[in-house]
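These notes are about the structure you will find just below.
Each reported figure results from applying straightforward, stated rules to the coordinates on display, with no laboratory input. Here the structure is a predicted model, which means the values were calculated and not measured.
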C-alpha cells in the first residue's frame, strides 16, 4: 500500500466564513493526518534501514568465513614451515600453544572491557543526580 506523504487538505472556505468548531475540527484532522504521514514515513525508513542492516550482517558473516579460511591456511603454513626444522607433531604443538596463548590474552583483554565498572554511564548518572538536586531545591 503506497502512502502519499505530500497529501494536503483540499481547498477551504475563507477563515471568516468558517466557525470556530469547524476550524478546530480541521486543525485536529490536519494534525492527525500529519502524524499518520510522519509515522508512515518513519516505518518506511525503518524498514529500509533494517534491510540494509540485514544485508550488511550477511556480508560480514561471509567475510568472516573467508577470513577464517585464510587464517586456517596460514596456521597450516606455519606448521608446515616449522615441520622443516622440527618433527611435525612438535611443529603443530608449538603453533597450537602460541595461538592458544595469543587467544587467551585477547580474551582476557576483551573480558576486562565487559566488567561492570567499565560499562557504567558516569556522565549520565552525574547528570541525573544534578537534575534530581535541582528538582529537589525547587520543590
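Please label the shape of the stretch 88-139 as rounded, prolate or oblate, based on the square roots a ≥ b ≥ c of the eigenvalues of the alpha-carbon gyration tensor (a/c under 1.5 means rounded; beyond that, a/b larger than b/c means prolate, else oblate). Prolate is the answer for the stretch 88-139, as a/c is 1.5 or above and a/b outweighs b/c.
Shown for the stretch 8-82 is the translational diffusion coefficient from the Stokes-Einstein equation, using the Kirkwood radius over Cα pairs, a temperature of 25 °C and a viscosity of 0.890 mPa s: 137 µm²/s.
Using a/c under 1.5 as the rounded threshold, could you call the chain rounded, prolate or oblate? The axes a ≥ b ≥ c are square roots of the C-alpha gyration tensor eigenvalues, and prolate needs a/b larger than b/c, oblate otherwise. It comes out oblate by the Cα gyration axes.
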